[in-house]
1. For a quick check of your reading of the model, give me the residue pairs whose first member lies in segment 26-47 and is farther than 11 Å from residue 65 by Cβ, whose second is among the charged types (D, E, K, R), with beta-carbon atoms closer than 6 Å and at least 6 apart or on different chains.
Amino acid sequence: MAERTASASPDDVADLGPALAGSQLEPVPVQGCNVCDPCGREREVARRAGRSLEVRSLNGVIAGHPHGRELRG
């Protein structure tokens with residue numbers, strides 16, 4: 001039996017939205033937050049400009065922001 005492998009084309013990845021970039025999940029900014037919203041916008045500008053270190057740094061800020069932590073046990 002032939003083995004099937006999944007591979008996504010660049011168009012498929014683009015359709016998955018802002019949480020998926022380069023086959024790696026990224027934190028999703030919380031809408032309306034005065035920290036997450038600007039970081040999310042800056043991250044997209046940095047990504048388009050090819051500044052991957054800045055993208056990673058902004059991902060860290062978004063991921064480290066405390067939204068939802070109070071709900072965890």
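1. 46/54
Here's the yes/no breakdown for (1) modelled with pLDDT of 50 or more; (2) of a type in the set (Val, Ile, Thr):
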residue: 11; (1), (2): no, no
residue: 21; (1), (2): no, no
residue: 25; (1), (2): yes, no
residue: 30; (1), (2): yes, yes
residue: 37; (1), (2): yes, no
residue: 40; (1), (2): yes, no
residue: 50; (1), (2): yes, no
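The values are calculated or read from the model by the stated rules, or taken from the named source; none is laboratory data. Everything quoted here is computed from the prediction, not taken from an experiment. All Cβ positions, even for glycine, are placed from backbone atoms using ideal geometry, and neighbour counts span all protein chains on display.
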